[in-house]
Amino acid sequence: MGGLVDLAKRYWATIWRPSRHFSLAFLVLGGFIAGVVFWGAFNTALELTNTETFCLSCHEMRDNVYPELQRTIHYSNRSGVRAKCPDCHVPHEWTAKIARKMQASKEVWGKIFGTIDTREKFVDHRLALARNEWDRMKANNSLECRNCHSAESMDITRQSPRAGNMHSAYLFTGERTCIDCHKGIAHRLPDMGAALKSP
């Protein structure tokens with residue numbers, strides 16, 4: 001144990017000792033370049049995990065929720081604008097994105113330990129999964145919805161009377177957020193009967 005401590009002390013002293021062979025400018029420039037390379041690699045890896053291809057590499061997504069998305073207006077519509085998985089499930093702001101990625105890493109355990117690895121298990125856990133997502137979206141005022149659907153840009157005179165009335169009464173007043181009324185807009189709702197029975 002003492003040898004390990006001595007080794008650690010020697011390495012620590014070496015790190016903090018001035019360099020004999022390299023100038024300070026070389027070390028600063030080298031550190032800057034290493035930082036840029038690290039940041040570029042980190043950001044590239046982060047963006048690769050923000051692709052629909054990455055999401056669909058997991059069969060729980062590919063076989064369960066993706067076919068549901070394909071039958072909605074968010075997938076195919078007259079304007080040709082398609083919402084992809086990260087558009088709705090990953091915040092655009094960098095700090096919120098990192099926080100969401102850290103949360104999502106917990107979901108990997110569900111796959112590793114087989115919590116949702118079959119259709120039956122997925123359906124059994126669907127309400128809890130949906131509630132987690134609804135709670136997250138409610139907490140951030142449906143930010144991912146608002147990245148595409150701006151309340152300021154909405155022309156409620158071109159909406160159906162019911163939609164215009166609901167948006168005027170709730171959305172524009174801040175009393176409700178998008179996800180309060182639009183659950184199931186891109187995916188099939190879970191069995192909500194179970195929601196009524198549970199606390």
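At a glance:
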{"read-out": "Criterion: assigned to a loop (DSSP other than H, G, I, E, B) and not hydrophobic (A, V, I, L, M, F, W, C) - qualifying residue of R20, R100, R62, R10", "value": "R20"}
{"read-out": "Meets criteria (of a type in the set (A, V, I, L, M, F, W, C) and in contact with a Gly (Cβ under 7 Å, 6 or more places away or on another chain)) for I98", "value": "no"}
{"read-out": "Residue list for segment 116-165, filter: polar (S, T, N, Q) and surrounded by 15 or more Cβ atoms within 10 Å (Cβ to Cβ)", "value": "N140, S142"}
{"read-out": "Helices (runs of 4 or more DSSP H) lying entirely in segment 118-199 (those with 1 or more residues that are within 25 Å of E60 (Cα to Cα) and either of a type outside the set (S, T, N, Q) or touching a Gly at 6+ places or on another chain (Cβ under 8 Å) (or both))", "value": "119-139, 143-146, 178-181, 192-197"}
{"read-out": "Search result, residues across segment 62-120 that are among the aromatic types (F, W, Y) and under 19 Å from T44 (Cα atoms)", "value": "W94"}
{"read-out": "Flag if P86 is closer than 25 Å to R119 by Cβ and free of Cβ contacts under 8 Å to residues at least 12 places away in the same chain", "value": "no"}
{"read-out": "Selection within segment 105-124 - within 22 Å of T49 (Cβ to Cβ) and at pLDDT 85 or above", "value": "F122"}
{"read-out": "Out of T95, T49, T72, sole residue that is surrounded by fewer than 10 Cβ atoms within 10 Å (Cβ to Cβ), of a type outside the set (D, E) and within 36 Å of the chain's Cα centre (by Cα)", "value": "T95"}
{"read-out": "Cβ-Cβ under 7 Å pairs, at least 6 apart or on other chains, segment 125-144 side over 14 Å from T177 (Cα atoms), far side assigned to a helix (DSSP H, G or I) and at pLDDT below 90", "value": "L127/A194; L127/A195"}
{"read-out": "Checking K101 against (1) surrounded by 12 or more Cβ atoms within 10 Å (Cβ to Cβ); (2) closer than 18 Å to I185 by Cβ, the condition it does not meet", "value": "(2)"}
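The values are calculated or read from the model by the stated rules, or taken from the named source; none is laboratory data. A quick note: this is a predicted structure, and the numbers were derived from the prediction, not measured. Neighbour counts are summed over all protein chains in view; Cβ atoms, including those assigned to glycine, are modelled from backbone coordinates with ideal geometry.
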